[in-house]
Amino acid sequence: MGLIFVVNCGSSSLKFTLINPEDGKTVANGLAERLGTPEAVVNIRQPVRLEFQVPNATHGDALDKILSHIDGDIVGVGHRIVHGGEYFTESVLVDDKVVELIGSASDLAPLHNPAHVMGIEAARKKFPDLPHVVVFDTAFHQSMPKRAYLYALPYAMYTNEKVRKYGFHGTSHRYVAGEAAKLMGKPLEDLHLITMHLGNGSSTCAIREGKSYDTSMGLTPLEGLIMGTRSGDVDANLHEYLTRRTGCTLSEVTAMVNRESGLLGISGLSNDMRTLAEAAASGHQRAALAIDMFCFRLAKHILGMSASLDRIDALIFTGGIGENSAIVREKTLSYLSLLRPQVDSELNNQHGRPANGRITTGDSPVLALVVPTNEELVIARETARFVPALAS
Ligand code: AMP
């Protein structure tokens, strides 16, 4: 049984999953955190829980520790990469040139891409003879037309400075669209879909015949929906206004809109939807307001996505919130009365499980589905395509 080792490296973290790309079974997973500091720690969750203090460990040291405690026939390594710029429109096999291009997209994702390069280098040292494959969050959205991905700025900002909408969560949008097509019993190539990845980071995507035509995240993951701690869309003059009014620096305002805003900023309580739903149910007004704003913004973006489609064959909810919050789904659909969705409350409360993901009634003018995402599995399957023994 050939297994794929899926790695997701941040600047001080390394998430891993050992997965069978054929049946999707996770054999092992876990997380190393605070790497490069005296508090560095490796947590293995599956197959058994283990924790190791590894002071000052590098990504390479963390990999050594992890691999000495998990078993399995690893035949390929899949790397999740946040930003592929305009260089990558699909997953590719890693070579020196690919690593260099990921590095050169670092100005677009300064927190992520340098860490990914570090992770790839550590993993290539560890597994020099295995195929390494990079799977990009941005690649799926490279099919967007210019009218969707350009900002109305002087054109030189695009040609010289690479300013455009890239979009993220592509792996998840693509996967749930494919799964929805299976659930609907129709070829993906015949469907016009709107997918909503709603987690701590959230985005929507217009998918036409299997291709991304528009998405709500932009140059960076800040744009679009209200998220856990990100504001989503704001007036671009906000930064100048706030630096003038408050004396904050530009970086402080940037940190505020990324880390102190969104659900957390509005509620003053938490970035976590579950906590907010509980608080709202017991009368916390700003928690209720944060949920209401989240759903309203989402509904606005869904209608915006519809400009790329001829019809909406299905609205698809995924991510931690999309898969688990019946309240968010119901409220969002209530703001889409123009599309006349008929929610089946019973099915919605059971997250669509009894009806192949369906949460609307059989005769609803628009179909809404809950489809669980599985980004690790997509990365494993993309990687398996480059493993001669597994590629079919
Ligand atoms: P993710 O980033 O996809 O892991 O999603 C994280 C978000 O999903 C957090 O806001 C969680 O509060 C939310 N979430 C997870 N489970 C539930 C639940 N049962 N009800 C509401 N929100 C949930």
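So which residues in segment 276-290 are within 10 Å of the ligand (Cβ to nearest atom) and open to solvent by less than 60 Å² (accessible area, probe 1.4 Å)?
Listed by number, the residues that qualify are Leu276, Ala277.
Mind checking which residues of segment 194-245 are more than 16 Å from the ligand (Cβ to nearest atom), more than 22 Å from Leu264 (Cα to Cα) and under 14 Å from the mean Cα position of the chain (by Cα)?
Thr215 - this is the single residue of segment 194-245 that is more than 16 Å from the ligand (Cβ to nearest atom), more than 22 Å from Leu264 (Cα to Cα) and under 14 Å from the mean Cα position of the chain (by Cα).
For segment 175-234, name all the residues that are open to solvent by 20 Å² or more (accessible area, probe 1.4 Å), farther than 26 Å from Thr254 by Cβ and outside any loop (DSSP other than H, G, I, E, B).
Selection gives Tyr175, Gly178, Glu179, Lys182, Leu183, Met184, Leu188, Glu189, Asp190, Arg208, Lys211, Tyr213.
Out of the residues in segment 173-193 that are over 15 Å from the mean Cα position of the chain (by Cα) and closer than 21 Å to Gly320 by Cβ, state the one that is nearest to the ligand (Cβ to nearest atom). If you could, list the steps in order and put the result at the bottom.
Residues of segment 173-193 over 15 Å from the mean Cα position of the chain (by Cα): 178-193.
Cutting the leftovers down to closer than 21 Å to Gly320 by Cβ gives us 178-180, 183, 193.
Values: Gly178: 18, Glu179: 16, Ala180: 17, Leu183: 20, Leu193: 19 Å.
So the residue we want is Glu179.
If we keep just the residues of segment 89-133 that are under 17 Å from the mean Cα position of the chain (by Cα) and of a type outside the set (Ser, Thr, Tyr), which is farthest from Pro221 (Cα to Cα)?
Ranking the candidates gives Glu90 first.
Output the residues belonging to segment 256-275 that are within 14 Å of the ligand (Cβ to nearest atom), under 20 Å from the mean Cα position of the chain (by Cα) and within 23 Å of Leu242 (Cα to Cα).
Gly262, Leu263, Leu264, Asn271
Taking Ala290, is it over 25 Å from the mean Cα position of the chain (by Cα), in contact (Cβ under 8 Å) with a residue 12 or more places away in the chain and part of a helix (DSSP H, G or I)?
no
Please verify whether segment 319-329 includes one or more residues that are closer than 24 Å to Thr373 by Cα, away from the ligand (no atom under 12 Å from the Cβ), in contact with a Phe, Trp or Tyr (Cβ under 6 Å, 6 or more places away or on another chain) and touching a residue at least 40 places away in the same chain (Cβ under 8 Å).
Taking every residue of segment 319-329 in turn, none turns out to be closer than 24 Å to Thr373 by Cα, away from the ligand (no atom under 12 Å from the Cβ), in contact with a Phe, Trp or Tyr (Cβ under 6 Å, 6 or more places away or on another chain) and touching a residue at least 40 places away in the same chain (Cβ under 8 Å).
For the subset of segment 33-47 comprising residues that are closer than 30 Å to Leu390 by Cβ and at pLDDT below 95, which member is nearest to the chain's Cα centre (by Cα)?
Checked segment 33-47; the qualifying residue nearest to the chain's Cα centre (by Cα) is Gln46.
Of the residues Ala307, Ala355, which single one is more than 14 Å from the ligand (Cβ to nearest atom), in contact (Cβ under 8 Å) with a residue 60 or more places away in the chain and farther than 22 Å from Asn200 by Cα? Steps first, answer last, please.
On the way: Ala355 fails: in contact (Cβ under 8 Å) with a residue 60 or more places away in the chain.
Answer to the check: Ala307.
The values are calculated or read from the model by the stated rules, or taken from the named source; none is laboratory data. Keep in mind that this is a model prediction, so the values were computed, not measured. Counting neighbours? That spans all protein chains shown, and the Cβs are built from the backbone with ideal geometry, glycine included. The protein model used for the area step is the full one, side chains on, heavy atoms only, and it has no ligands, DNA or RNA in it. Shrake-Rupley method; radii C 1.70, N 1.55, O 1.52, S 1.80 Å.
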